[in-house]
Amino acid sequence: MNKDLFIRHRREFIQKMEDRSFALFFSGEAPHRSADDYYPYCPNRNFYFLTGLDRPNFTLAFIKNNGSAHEFLFIEEATDYSEKWLGHRLTREEVAAISGFDLSQIQFIANFEGFVASAILSNSRKALTKTPHYLYLDLYRHQPRVKPVAMAKAAFVLDNYPEITVQNANEILDIQRMTKDEGEVQEILKAVGYAKIGLETMWKTVRPGMNEHALDALFEYASKTAGSDGVSFTTIIASGANATTLHYHENNCLIEDGTLVLTDLGCLAGPYASDITRTIPANGKFTQRQKELYNLVLEVNKKSIEFVKPGLMWSDLNAYAKKLLAEGAVKLGVIASEADVDKVYYHTVSHFLGLDVHDVGTYQIPLKEGIVLTIEPGIYIADEKIGIRIEDNVLVTKDGAINLSKDILKEVVDIERAMKR
């Protein structure tokens, strides 16, 4: 990724900050797993968006005062121990090359709290601002009653300066991150390409009698071998009735002959994600009933992609897809009336995609150029042990939309040909 992108992201954020304010962003750290083991590190996505850096225990600081702005980055200092046990630590020069910071703006994390005390919160001659009124923090919560991580990280400020008002940095960043520039779209395209390789590898291998977890492992192996940085979320390999559960994660059942296999999966290119779903026949051939239902979902998928354009409200896109699916389900005798569609289709047709699989943004404003979203209609009939979903990744353009995953096969004839042995 070009460092100019991260420089621009920082400037755009600072421009939205109130005067006499500062902002702190933390790259995060790997959570503890068990004993002396830790989960893999995943960079805070907002921190990455502003810096391009994916290393733990880094901190970013912005200061805005009387229209002038300052940026500082605090990184881990390499030690003999860390280099021997944990691997190479980024140097200040390497950090500057990636992020676009000047070397004078990069300090070591050991100096961070002292810097905040003297350069931001004091009235000394070293201060870069008058005593600030506002502190911007990433206040994302994964659950309503969970305290944001940044609140704990910034406790040394909040506990001692209660007069400073906390502002939600996400209100700015969520809008910034909604639209992707060309470099970001190219990363998502890479992630889509890795998923394509993993899917095609599975199609050549799947057969009745296999266990779902074999396909799970095969997808990860093939996509990582191709260059992916890993899966973008827990892979779903759902055969038969398992496919009627939206977030089926067990992936441990035998694949029976005559069933469909729903594969909902994605890859990472750096931290940028793809999210693709394809549904295939375990034995390589759709039954007539499976084909009817599959083609209904496929028609809704294709028409919904064609419907996407700037100015469209997400709610209207969702209503459009749901209406098409309901009409088709009635024709096929799946439901008695369109009012019953929620019995066989119980999710929405789209979500944003980017640095997160379910990327940030607001669904209360119209779509605009540069947004990447999924289109994923489905139908789920528990009595018939059939679940079908077809999901593509779509870029909103000036005049309509481009299907970024158009090269991943989804027509019945193409899938059967790809699976032919």
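Summary table
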quantity	calculated
Cα-only radius of gyration and Dmax that characterise the stretch 247-348, units Å	15.9, 47
Exceeding the 19 Å Cα-Cα cut-off - candidates Lys385/Lys406; Lys309/Lys398; Lys16/Lys64	Lys385/Lys406
Order of Leu265, Leu409 - criterion: other Cβ atoms within 10 Å of each residue's Cβ, fewest first	Leu409, Leu265
Along each principal axis, Cα extent of the chain, largest first, Å	79, 49, 37
J(HN,Hα) series, the stretch 354-363, from Karplus relation 6.51 cos²θ - 1.76 cosθ + 1.60, nearest Hz, glycine and proline x	x, 5, 10, 4, 9, 6, 6, x, 10, 8
Local electrostatic count, Asn66, Cβ distance below 14 Å [Lys/Arg +1, Asp/Glu -1]	+1
For the stretch 77-91, Karplus couplings with θ = phi - 60° (6.51, -1.76, 1.60), whole Hz, Gly/Pro x	8, 5, 10, 4, 5, 5, 5, 6, 9, 10, x, 5, 9, 5, 7
Dimensionless Rg over Rh [the stretch 64-131; C-alpha; Kirkwood]	1.07
Around Phe352: net Lys/Arg minus Asp/Glu count, Cβ-Cβ under 11 Å	-2
Rg to Rh, two decimals, where the stretch 179-419 supplies the alpha carbon set and Rh follows Kirkwood	0.95
Tail weight of P(r) past 22 Å, computed on alpha-carbon pairs of the stretch 3-177, percent	45
Extreme residue, positive dipole direction of the chain, given options Pro271, Phe22, Asn57 (C-beta unit charges)	Phe22
Charge context of Gln176, other residues only, Cβ under 14 angstrom, K/R +1, D/E -1	0
In Hz, Karplus ³J(HN,Hα) per residue of the stretch 3-19 (6.51, -1.76, 1.60; θ = phi - 60°; x = Gly, Pro)	4, 4, 4, 6, 4, 5, 4, 5, 4, 5, 5, 4, 4, 7, 5, 5, 5
Cα-Cα over 32 Å, subset of Lys196/Lys303; Lys190/Lys331; Lys147/Lys302; Lys224/Lys323	Lys190/Lys331; Lys147/Lys302; Lys224/Lys323
Amide H within-cut-off set for Gly258, under 5 Å, with H built and near neighbours excluded	Ala282, Asn283
Mean Cβ count within 10 Å, highest first, over the residues of peptides 232-242, 197-207, 287-297	232-242, 197-207, 287-297
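Quick note: the coordinates plus some simple rules give every number you see, no bench work behind them. A quick note: this is a predicted structure, and the numbers were derived from the prediction, not measured. No Cβ is skipped: glycine too gets one built from the backbone with ideal geometry, and neighbour counts run over all protein chains shown.
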